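Colleague: Just dropping this structure here.
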Amino acid sequence: MSNTAAGAQTIKSSDEYIAKANIKDLSIYKEAAADPVAYWEKCAERLDWFDKWHTALDWNPPFAKWFIGGKLNASYNCLDRHIKNGLGSKTAIYWEAESGEGKEISYGEVYKAVNKFANAIKKLGAKKGDRVAIYMPMVPEAAYAMLACARIGAIHSVVFGGFSSDSLRDRIQDASCNLLITADGGYRRGKTIALKEIADKALEECPTINNVIVVERSKDAINFKKGRDHWYHDLIADVDDFCEPEPMDAEDMLFILYTSGTTGKPKGIMHTTGGYMTGAVTTTKLVFDLKNDDIFWCTADVGWITGHSYIVYGPMANAATQVMYEGTPDFPAKDRFWKIVEKYKVSVFYTAPTAVRAFMKWGADLPAGCDLSSLRLLGSVGEPINPEAWLWYGEHIGKNKCPIVDTWWQTETGGVMISAIPSVIPAKPGSATKPLPGIDAKVLDETGNEIKEGTGTLSITSPWPSMLRGIWGDEKRFKDVYWSKWDQKYFPGDGARLDEDGYFWLLGRIDDVMLISGHNIGTAEVESALVDHKSVAESAVVGIKDDLTGQAIAAFVILKDGSTPSDELNKELSDHVAGKIGKIAKPKKIIFTADLPKTRSGKIMRRLLRDIGEGRALGDVTTLADASVVEKLKATYSEE
Ligand code: WT7
């Protein structure tokens, strides 16, 4: 352990870790820097291609095409080739039900299930290019559904199972999905969540959906619409065990995944087959130093990009063995994760800072009571991990022998972009360290000039294979959001500081997107949910610092005449937002106010609201149309 000039600790991985690591020196960085496109071509060779590409990259900013002319299938790469290589009996998934039951599923079994599932959706008429919505709990069938779509070339759009019926409806409508795959219900803390009922409500306004496949999980009674709804187990009962994988162009779409934006409407981020799979297979191998006998566990839900890249496509393309867990970390007790690590001998564990902070709060005794000796590497994703949480994670979970990879990336980037390869890049707690080989990350000033040391805005300045190809149905927004700040340089929306050693310190969002438990929630989405309530005239939402969730939502609300603030109304509004978007978007604080601080041009001064929300002294308010408003707001807030 040593100290840098900035006072940040530098922590080298243990000799034991380095000795066994796949990457032993920095040559891969040098190779990638010398010829990035050639490097990515080499990475693409980690996949099996039916036809090889003739052109590696066509960069017509902001539109990139990778591996043009190449043909492949994602499901084939995650399954068939492993079976051909004799790995049919290797465990693909240890599935742990919330109840504690487990299922050990081999690659051969996943292969069979996916082939049948693919034939089942084909039987319902789904074909290449169709959009299929997937709204599922954390059961293996969620992964099978994704791989089955990939197998026939249908584009999946997974909607997180915690989202509301309105959120599901909006996403189905936006992409005109014609098939929905869901379950009767899912388990959460011993109770069931009625997914099918929520889906039914969404489908009242989704005329494009012709068929619904229902996986049986909770066994709760559900409504069945004749002709539209089908049980998964009935459909797969009489279909073939083999479905020919569709040869997809490298640039054919693999999936759409929605992420929040600064305006109300979520953005359907588009990922293609060749580029995305190259990123997923490569980053999983490099960052997690994956070996044949590893037991990998990414605790994300398949409904987020982390679940797409590091449960389904990355680990499975690498023939990894992984744990998939249905429930929450605190059920039936707060040591559930450590019990799972002990039970399956997890070696690589990937979670979010918000979870680490919860573990800290629950106390070191809980992990100390379990055997965590199988762990060799820890990961973090979703938001900046504060040094205190980083150190706690390393000490109490990693027992000071596991390196920690703090991985920066986004739904849009498809895979990890900035992260240590811990055998060759020492850590600094709180820093995501350096860009991966082949990734051109820079810190820029407002005019796009590179900052060699200091604070500015993060940018990715060259194309990379797993980059988003657009926003579904909205090319203008794609250009505006990501490519209009500077010329030909990708704008991810995060602030960053580059230190004297060239280490990146991510500073969070600089736009109006909040990071709640590591997930993007747009301020505009919550605001529009609030004004949708009959008592609300106007609202302004900001993310405020929160010890547990990183950021929490503070909502400033102006009521309509005739409505009066009360605790009941406060709760009602909170529930209303949860109903509209999902529990994750529930405001932590609702502050009733008579007015909002606005600039002369009418723009809400969120920075000021954040200052108020976080209880900081007021800054310069000279641009306020009515400066007294802020004082009133501040007084109201400190009464809370
Ligand atoms: C935003 C992307 C990538 C999967 C989970 C979130 C923030 C993510 C880190 C990190 C600092 C991080 C950024 C980014 N973020 N990882 N290691 N350090 N910030 O995916 O919902 O698309 O959110 O999450 O602000 O822009 P997402």
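What follows is calculated from the coordinates using simple rules that are stated; it is not laboratory data. What you are looking at is a predicted structure, and each value in this text was computed from that prediction instead of being measured. As a convention, Cβ positions derive from the backbone with ideal geometry for all residues, glycine included, and neighbour counts pool all protein chains shown.
Colleague: Tell me the label-point distance for the pair ASN386, ASP15, using the 7 Å Cα-to-Cβ offset, in nm and rounded to one decimal.
Modeller: Going by the 7 Å Cα→Cβ label model, 3.6 nm.
Colleague: Same structure again: Take peptides 475-482, 135-142, 571-578 and line them up by average Cβ neighbours within 10 Å, highest first, as a rough protection proxy.
Modeller: Result, highest mean first: 135-142, 571-578, 475-482.
Colleague: For LYS632, list the lysines whose Cα falls under 24 Å from its own Cα; do not include residues on the same chain fewer than 8 positions away.
Modeller: Straight-distance partners of LYS632: LYS545, LYS560, LYS571, LYS588, LYS589, LYS598, LYS603.
Colleague: Which value, in debye to the nearest 20, gives the size of the charge dipole of segment 346-402 about its Cα centre, when Lys and Arg are +1 and Asp and Glu are -1 at the Cβ?
Modeller: Roughly 100 debye for segment 346-402.
Colleague: Restricting to Cα pairs below 8 Å that are 6+ residues apart, what does the relative contact order work out to for the chain? Please round to a whole percent.
Modeller: Computed over the chain, the figure is 13 percent.
Colleague: What number, in percent, do you get for the relative contact order of segment 204-308 if the mean sequence gap of Cα pairs under 8 Å and at least 6 apart is divided by its residue count?
Modeller: It comes to 16 percent, rounded to a whole number.
Colleague: Give the Rg/Rh ratio for the chain, taking Rg as the radius of gyration of the Cα atoms and Rh as the Kirkwood radius, to two decimals.
Modeller: 0.95
Colleague: Still on this structure: Hey, rough spin-label estimate for SER374 and ASP445, points 7 angstrom out along Cα→Cβ, what's it come to in nanometres?
Modeller: According to this spin-label approximation, the distance is 5.2 nm.
Colleague: Over what distance in Å are the Cα centres of segment 519-563 and segment 344-415 separated?
Modeller: Spelled out, the Cα-based centre of one part sits 31 Å from the other.
Colleague: Can you find, among ALA585, THR564, ILE209, the residue farthest towards the positive end of the dipole of the chain? Put +1 on the C-beta of Lys and Arg, -1 on that of Asp and Glu.
Modeller: ILE209
Colleague: Something else about it: Provide the packing ranking of 198-208, 374-384, i.e. peptides ordered by the mean count of other C-beta atoms within 10 Å per residue, highest first.
Modeller: Going by the mean number of other Cβ atoms within 10 Å, highest first, we get 374-384, 198-208.
Colleague: Among ALA19, ALA154, LEU377, whose Cα lies farthest out toward the positive end of the dipole of the chain, if unit charges sit on the beta carbon of Lys, Arg (+1) and Asp, Glu (-1)?
Modeller: Checked the options; the winner is ALA154.
Colleague: Then there is this: Suppose every K and R has +1 on its Cβ and every D and E has -1 on its Cβ; what is the size of the dipole of the chain about the Cα centre, in Debye to the nearest 20?
Modeller: 340
Colleague: Would you give the gap between the C-alpha center of segment 272-288 and the C-alpha center of segment 167-246, rounded to a whole Å?
Modeller: Cα centres, segment 272-288 to segment 167-246: 29 Å.
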